[in-house]
Amino acid sequence: MELSDCSNEYEKLVVRMNMPRVVIDNGVCANSTVVKIDSARSPGILLESVQLLTDMNLWIRKAYISSDGKWNMDVFHVSDLNGNKLTDENLIRYIEKSIETSHYTKSEGYTGLTALELTGTDRVGLLSEVFAVLADLSCDVVEAKAWTHNGRIASMVYVKDRNSGNPLDEDSDRVQRIEGQLRNLLKADDGYQNDTRTCVSYGGNTHMERRLHQRMFMDRDYEKKFDSETGPIVSVQNLPKRGYSVVNLQCKDRMKLLFDVVCTLTDMAYIVFHAAIRTVGEMAFLEFYVRHSDGNPVNSEPERQRLIQCLQAAIERRTVKGVRLELCTADRPGLLAQVTRVLRENGSNIARTEISTKDGIARNVFYVTDANGNLIDPEIIKSIREKIGIEDLSVSELFPISCRGSIEKEKQQEPHNHLGHNGGGTVLVSLGSLVMRNLYQLGLIKSYF
């Protein structure tokens, strides 16, 4: 056997020895499935595990993370979107196989597509103009996601040539025109110092939501004072004797919360050695013992404040207020530009969007508010549906999912409340109920809480 063959066999042996060991148990916890992962310590392995679980639409309700020397032991309590245990044996085997192989194989990625990355100043109608430019230049949008936060917008858009179905020619004048026109659309007109950024790439295996976090972070969207009463609570303190910084977070629980936090810690070059995550009712409590990649804890007040701000921003980016509109219809050229134009002409601002096209069917989700970030008048929603197509566009959510349980609870108590007692809370619930009732009466939703 030649030396090169011996080296290859040795590398395969090392990979097999270090592959994660996964155990999925439904008997430990009454209301969640326990996923235990033992793995050799490597950079980013925690993020990969959390990312894989959340990409399968699993809700992480509780977790314990520990790193002893060169080995990780991670325990996740997960449920499906309805809060139930995982009972499908095929899904359980798929999770086991995916975790065991995810760290040593590349994801398939968006092959055959051109990726556009955009960052700039947000404004009403911006996404409508972006999609109009792409439609005019014969680009079909296959997948896209866009987030807005603190007056900034970050978006990833995967496109293909409308005529050939292939990626855009790297050396074509059209790519330069696309970049130039998008850059002009994204330019700040309010004196904001950060530059507009556009980027064109081909193929690759970029995780869209992780990349959006990175784009927002690079754009410094965290540089704004957060409301301590309504926003996430974050604290950072050092344990000098142990050499750790302890990061504590408290906020409303929601899907992908742990992913958003771990993603930001990873991108800021902090290594998680131990962590405990738990949920109590609607609230989530997260505690991390971290060090910077240089082996040191947080060593200055500016660094501590920056870490706090970045984690607050990471949580807030995905917390969206407004109406959730979902469009499901046969795809056609210019569909996205047409739909977003209707939203813009009706004074609606797209706070977040998720675009996907598969097998000729477009499934587009928009979280929209009015121009001031407030709830939209039900009559406007009705007008939008009539113009786009009542059968194609559904209104499936008015409040953020993370807030819905508390609204239900308060609404149950509403008959016992009077304006003279807890007036502020009662007025808020009454306003929410009134808007939902109007939507129900207009036939825009089937029920209201």
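The values are calculated or read from the model by the stated rules, or taken from the named source; none is laboratory data. Values in this document were obtained by computation on a predicted structure and should not be read as measured data. Heavy atoms of the whole protein, side chains included, go into the accessibility calculation; ligands, DNA and RNA do not. Shrake-Rupley method; radii C 1.70, N 1.55, O 1.52, S 1.80 Å.
Using the alpha-carbon centroid of each, what span in Å lies between region 115-170 and region 326-383?
Taking the Cα centre of each part, region 115-170 and region 326-383 sit 14 Å apart.
LEU113's amide H: which non-local residues (gap 5+, or another chain) put their own amide H closer than 5 Å, with H modeled 1.01 Å from N in plane and none for Pro or chain starts?
Amide H neighbours of LEU113, under 5 Å, 5+ apart: GLY203.
How many angstrom lie between the C-alpha centres of region 46-77 and region 265-318?
When both Cα centres are located, 15 Å separates them.
Could you state how much accessible area SER235 has, in square angstrom rounded to the nearest 10, with a 1.4 Å probe and all protein chains kept in place?
For SER235, solvent-accessible area is about 50 Å².
Sort PHE285, PHE131 from largest to smallest accessible area, using a 1.4 Å probe on the heavy atoms of the protein chains.
PHE285, PHE131
Kirkwood hydrodynamic radius, computed over distinct alpha-carbon pairs, for region 29-94: how many Å, to one decimal?
About 12.5 Å, per the Kirkwood formula over Cα pairs.
Cα convex hull of region 202-293: mean projected area in nm², to one decimal?
7.7
If I ignore ligands, DNA and RNA and count only protein heavy atoms, how much of ARG197 is accessible to a 1.4 Å probe, in Å² to the nearest 10?
Spelled out: ARG197, probe radius 1.4 Å, area about 80 Å².
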